[in-house]
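Student: Dumping the structure here so I can ask a few things about it.
The values are calculated or read from the model by the stated rules, or taken from the named source; none is laboratory data. Since this is a predicted model, take the numbers as computed values, not measurements. A quick note on method: Cβ atoms are made from the backbone with ideal geometry, for glycine too, and the neighbour counts reach across all protein chains shown. Areas reflect the complete protein model, heavy atoms only, side chains present, ligands, DNA and RNA absent. Shrake-Rupley method; radii C 1.70, N 1.55, O 1.52, S 1.80 Å.
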Amino acid sequence: MNSVNGTTESGLEYRFVLSGAELAIQPTVLEIPLEENDYEKLLQWQGEGGAFSAVASAGGFSLPCQLSGFGLDGNTETLTPRRSLFVLVQNVPDAGTDGHLFQLERHEEPDDADEPLSRKQGVYLDHQPENARVVVRIEGKLFTRYLYSRDMMKPYFYPMIGPHAKTLIQDAPDDHLHHHGLWWGHDQVNGHQAYHEFAKEGRQSHSRFLHLTGGPVFGQLSVCIDWLSNKGERLLQEVRTMRIFNLPPEQRYVDVHSELLATDGTVVFGPTKEGGFPFIRVNEQMCAFLSGTITSSTGKKGEGEIFGTEADWVDYSGSILNVSWNNGIPDKGFFNGGIAIMVHPDYRAFSTKWFVRDAGAFTSSNFHFWGGHTLPSGDSLGFRQRIYLHLGDVEAGKVKDRYREYANPEVPDWC
């Protein structure tokens, strides 16, 4: 990536072009890598209370931008540096072969300290330590909560709001009370259980936040979690990150990363099926016992065909009840929606053979199919996925196209 300097009022000028490839899927988020020198200059230019927009040279429209100095992974003290500019692309018209020329401009962010949370713009993270939770809102509306009370056996995320303001995941269904929406766990960690939440089992304990930030393009939550035996002895540590993008509920995705760190000696993960990094339990109405259809990237359908097979992604779609009220009278209808897990191509180790159930649970990362795994002392192992919530079934939700976008992202050129 070439460094670009110019002579604007700030002493800087950064311009890039978006053409057909970058505009093929909208809405979307594009990441533009930055050299360290350019990142530092932009950070200084932005200053306290500032923000960036990419303003089109023609057409009179602009796109929200957000600087980021960190990636998704890291160790127990800090995240790995990754300097980027993220651009939220939506409602940009086709500009033919020449594309649209955008120039980065700075503006003052409005002082919304007194605004109610329902009117906060972008992705807003409301940390409520007294409630042991972080509430995540997108454009003022609830998306998810990170729940980390020490009274629970493991931290997890619930709900995940998608189309028609409905959650596409379920917390503690009757048949599996330990299934908590979006959660992590494994039932054989150096012989200790950290999954079912029975008495005298091990647990996962939230240790501290490493990164907690919101913005016009995305919000990010990175935490350090201790995996403990039933006697409170630490078995390993984990850095867990969720990056939530400011996309509409009909086409919404988040990136998750889990870094398992053998900080306290060698860690042996047994070959049990009871484990996932992470697991999802879908909204019960979507499960394949009722209305749901499970589809893999290979074209296979259902638990019987997909369980234990390799795939880049798996989608779980089904019909969900939607009730609107008119003067106190319920109007009942249904809509189709789905949720997909996509495996990042750089993190395929132990992450391409799928555990999937018609009852509604699925994960790409399960040591059972690999005969377990031993993580030597001092080593680490990462898992990275994109979770995609969408309106419609696997075809209408364009899951295949969204995976292609994830696996081979377009990168605009500075000019």
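Student: Would you mind computing the Rg to Rh ratio of the stretch 168-251 from its alpha-carbon coordinates, Kirkwood style for Rh?
Tutor: On the Cα set of the stretch 168-251, Rg over Rh gives 1.06.
Student: When the C-alpha atoms of the chain are aligned to their principal axes, what extent does each axis show, in angstrom, from largest down?
Tutor: 64, 55, 45
Student: Return the FRET efficiency for the residue pair Arg208, Lys231: r is the Cβ-Cβ distance, R0 is 22 Å, and the value is rounded to the nearest 0.05.
Tutor: Details: r = 22 Å, r/R0 = 0.99.
The calculated FRET efficiency here is 0.50.
Student: Then there's this: At 7 Å along Cα-to-Cβ for each site, give me the label-to-label distance between Ser324 and Glu395 in nm.
Tutor: The answer from the label model is 2.6 nm.
Student: To two decimal places, what compactness ratio does the stretch 297-405 give when its Cα radius of gyration is scaled by 2.2 N^0.38 Å?
Tutor: 1.34
Student: A further question on this structure: Could you work out the Rg to Rh ratio of the stretch 312-361, with Rh taken as the Kirkwood radius (inverse of the mean 1/r over all Cα pairs)?
Tutor: 1.25
Student: Okay, moving on. Report, in deg cm²/dmol and to the nearest 500, the calculated mean residue ellipticity at 222 nm for the chain, where each DSSP H run with n ≥ 4 adds -39500 (n - 2.57) and the sum is divided by the residue count.
Tutor: Mean residue ellipticity at 222 nm (helix-derived): -1500 deg cm²/dmol.
Student: Could I ask something else about it? For the stretch 112-232, what does the convex hull of the Cα positions come to per residue, in cubic angstrom? It would help to have the intermediate numbers written out before the result.
Tutor: Working: hull volume 15.1 nm³, N = 121.
Residue-normalised Cα hull volume stands at 125 Å³.
Student: If you don't mind, another one. What do you get for GluC sites (Glu not before Pro) in the stretch 32-73 restricted to DSSP loop and a cutoff of at most 11 other Cβ within 10 Å of the site's Cβ?
Tutor: In loop regions of the stretch 32-73 (DSSP not H, G, I, E or B), the sparsely surrounded GluC sites (Glu not before Pro) are Glu48.
Student: Might you tell me the accessible area per residue for the stretch 266-415, computed with a 1.4 Å probe and given in Å²?
Tutor: Working: 6260 Å² over 150 residues.
Here the residues of the stretch 266-415 average 42 Å² of exposed surface.
Student: Can I ask one more? Can you tell me the length gained on complete extension of the stretch Asn408 to Glu35, counting 0.36 nm per residue apart and subtracting the Cα distance? Each step should come with its number before you reach the end.
Tutor: Working: separation 373, 0.36 × 373 = 134.28 nm, distance 2.07 nm.
Answer, rounded to one decimal: 132.2 nm.
Student: Rounded to two decimal places and with Rh computed the Kirkwood way over Cα pairs, what is Rg over Rh for the stretch 1-155?
Tutor: Numbers: Rg = 18.3 Å, Rh = 18.0 Å.
With Rh from the inverse mean 1/r over Cα pairs, Rg/Rh is 1.02.
Student: Counting only heavy atoms of protein chains, what accessible area per residue, in Å², does the stretch 12-102 have with a probe of 1.4 Å?
Tutor: Spelled out: the 1.4 Å probe surface of the stretch 12-102, per residue, equals 44 Å².
Student: Name the residues whose placed amide hydrogens come within less than 5 Å of the amide hydrogen of Tyr156, ignoring near sequence neighbours (fewer than 5 apart) on the same chain.
Tutor: Amide H neighbours of Tyr156, under 5 Å, 5+ apart: Leu147.
Student: Separate question: At 1.4 Å probe size, with the rest of the protein present, what percent of the exposed accessible area of the chain is carbon and sulfur atoms?
Tutor: 46
Student: Looking only at the stretch 72-101, which residues have a backbone nitrogen under 11 Å from a spot 7 Å from the Cα of Val17 in the C-beta direction?
Tutor: Output list for this probe position: 97-101.
Student: In addition: Keeping to pairs on different chains or 8 or more places apart, tell me how many lysine pairs in the chain have Cα atoms under 12 Å apart.
Tutor: The result is 4.
Student: While we're looking at this one, here's another question. Could you give the angle, 0 to 90 degrees to the nearest 10, between helix 36-46's Cα long axis and the longest principal axis of the Cα atoms of the chain?
Tutor: Tilt relative to the chain: about 70 degrees.
Student: Write down the Å³ per residue value for the convex hull defined by the alpha carbon atoms of the stretch 376-415.
Tutor: With only Cα atoms used, the stretch 376-415 gives 144 Å³ per residue.
Student: Relative contact order for the stretch 195-263: what percent, with Cα pairs under 8 Å and sequence separation of 6 or more?
Tutor: RCO, the stretch 195-263: 25 percent.
Student: Additional query: For the stretch 192-321, what Kirkwood radius comes out of the mean inverse Cα-Cα distance, in Å?
Tutor: Working: mean 1/r = 0.0569 Å⁻¹.
Value: 17.6 Å, from the Cα pair sum.
Student: What number comes out for the charge environment of Thr352, summing +1 per Lys or Arg and -1 per Asp or Glu over other residues with Cβ under 9 Å away?
Tutor: 0
Student: For a Förster distance of 25 Å, can you work out the FRET efficiency between the beta-carbons of His107 and His127, rounded to the nearest 0.05? Can you show the working numbers first?
Tutor: Numbers: r = 26 Å, r/R0 = 1.05.
The formula returns an efficiency of 0.40 here.
Student: Moving to a separate point now. Run the simple label-point estimate for Leu290 and Asp94 please: 7 Å along Cα→C-beta, distance reported in nm.
Tutor: Reported label-point gap for Leu290 and Asp94 is 4.1 nm.
Student: I've got another one for you. Rounded to whole Hz and in sequence order, give me ³J(HN,Hα) for the stretch 367-374 from the Karplus expression 6.51 cos²θ - 1.76 cosθ + 1.60, θ = phi - 60°, writing x for Gly and Pro.
Tutor: Each residue's phi maps through the Karplus curve to give 5, 4, 6, 10, x, x, 7, 10 Hz.
Student: Give me, ordered by chain and number, the residues 5 or more places off Leu235 or on other chains with an amide H under 5 Å from its own placed amide H.
Tutor: Answer set, sorted by chain and number: Trp227, Leu228, Ser229.
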